[in-house]
Amino acid sequence: MAMNLSKSQQRIWALGLLFGVVFLFFILIVLPWYNQINSYRQEISDLVFKIQRYARIIDSRDEVLDKVEKSRVAINALGYFNTQATPALASAELQTLIKDIIVSAGGSLDSTQVISQVEENELIHIAVNVRLTGDIPMLRSALYQMETAKPLIIIEELDIRPIRGVRNRTTGQLEDSGTVSVNLQIASFMRKAQ
């Protein structure tokens, strides 16, 4: 068929084939290569952005550590944590504080028992089981004093039982004694020694 074409038609076909080969070369080789280069450039710019962000974070490290230390000092100044040197001393202080609160509210402390300490993150959880007796106004006053006490006291368990009254000899009915027996599990926290 090429033999029947005139020279101008052969030139047109030759140019068409040349442009077709160049177009295919562009589509099959240059365009994917260019797209790959662009994806690498985008990935590089993303990584440069991340590196700059991490560099800013690293540069602000000292500032953040200073803020953390100031916050720690501020929290310690509030008096929420027990400041004793050991958990045993902190438990003893917690028992004394609870005894003073119950006695000042007008109750009677029957017993206290220290529960083993548990370490939680940077804190040591100190717990005490307490058994006391008293009336409802005494219990309300003691709970209020525990709620507002420093170091912070948390009541983890509370069990209130009325103490059985005596029988009236004339009517035979039980009379309310107005006294309750209370079992508490009270906790406080102290910071670990650093």
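Amide hydrogen proximity for I163: with H placed 1.01 Å from N in the peptide plane, the residues at 5 or more positions away or on another chain lying under 5 Å are T179, V180, S181. Normalised by 2.2 N^0.38 Å, where N counts its residues, the alpha-carbon radius of gyration of the chain equals 2.49.
Please find the FRET efficiency linking E69 to Q113, where r is the Cβ-Cβ separation and R0 is fixed at 30 Å, and quote it to the nearest 0.05. Calculated value: 0.20.
Between A55, A127, A77, the Gaussian network model of the chain with springs among Cα atoms under 10 angstrom shows the greatest mean-square fluctuation at A55. Ranking D66, D159 from most to least accessible surface, computed with a 1.4 Å probe over the protein chains only, gives D66, D159.
Note on the chain: with a GNM built from Cα contacts shorter than 10 Å, the maximum mean-square fluctuation among K50, K70, K150 falls on K50. Summarising the label geometry, the points placed 7 Å from Cα in the beta-carbon direction at S104 and R61 lie 4.7 nm from one another.
Surface calculation, 1.4 Å probe, protein heavy atoms: E147 sits at approximately 130 Å² accessible. 3J(HN,Hα) couplings calculated from phi for the range 91-96 with the Karplus curve 6.51 cos²θ - 1.76 cosθ + 1.60 (θ = phi - 60°) are, in sequence order, 5, 5, 5, 5, 4, 5 Hz; Gly and Pro show x.
The values are calculated or read from the model by the stated rules, or taken from the named source; none is laboratory data. Bear in mind the structure is a predicted one, so any value in this text is a computation, not a measurement. We place every Cβ from the backbone using ideal geometry, glycine too, and count neighbours over all the protein chains shown. Just the protein is used for accessible areas: all its heavy atoms, side chains included, with ligands, DNA and RNA removed. Shrake-Rupley method; radii C 1.70, N 1.55, O 1.52, S 1.80 Å.
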